[in-house]
Amino acid sequence: MTKSMPGAAGDLAEQHPDIWAAYSDLGKACADAGPLTDREKRLVKLALAVGAGSEGAVHSHTRRAVSEGIEVAAIQQVALLAIGPLGLPRAVAAKTWIEDKDK
């Protein structure tokens, strides 16, 4: 798994596999803690990345959503839903990150 991860996260995973394993286990425990479907969890994680203003995380969760078969319209709707709570400029930025071809 760490071989396919781009950038600094992949480097950290390779250099510190014990830390990465603990982090992965925590993420799995959190993901399994409630009734959300896998699709819902992915869209929530994308929305949290948008809210945090993390372009890299938006790219990552967009890639994952597409690879998991989530329709593009649903992914793009996450950016549109950001208009109310985050404002138009933040939502537009998120939309461009979601639509980036080289992410």
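List of remarks:
- Failed condition for Ile70, given (1) in a helix (DSSP H, G or I); (2) modelled with pLDDT of 95 or more: (1)
- Each residue in the range 72-88 was checked for being over 15 Å from the mean Cα position of the chain (by Cα) and open to solvent by 50 Å² or more (accessible area, probe 1.4 Å), and 8 pass.
- Against the list (1) hydrophobic (A, V, I, L, M, F, W, C); (2) open to solvent by 60 Å² or more (accessible area, probe 1.4 Å); (3) in contact with a helix residue (DSSP H, G or I) (Cβ under 8 Å, 6 or more places away or on another chain); (4) under 17 Å from Gly27 (Cα atoms), the condition Val44 fails is (3).
Residue-by-condition table, conditions (1) assigned to a helix (DSSP H, G or I); (2) open to solvent by less than 60 Å² (accessible area, probe 1.4 Å):
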{"position": "Gly27", "(1), (2)": "yes, yes"}
{"position": "Ala33", "(1), (2)": "no, no"}
{"position": "Leu36", "(1), (2)": "no, no"}
{"position": "Ser60", "(1), (2)": "yes, yes"}
{"position": "Arg90", "(1), (2)": "yes, no"}
{"position": "Ala94", "(1), (2)": "yes, yes"}
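- For Glu68: the one exception among (1) under 23 Å from Ala93 (Cα atoms); (2) open to solvent by 70 Å² or more (accessible area, probe 1.4 Å); (3) free of Cβ contacts under 8 Å to residues at least 40 places away in the same chain: (1)
The values are calculated or read from the model by the stated rules, or taken from the named source; none is laboratory data. On a predicted model such as this, the values are computed, not experimentally measured, just so you know. Every residue, glycine among them, receives a Cβ derived from its backbone with ideal geometry; neighbour counts consider all protein chains shown. For accessibility, only protein heavy atoms count, side chains too; no ligands or nucleic acids. Shrake-Rupley method; radii C 1.70, N 1.55, O 1.52, S 1.80 Å.
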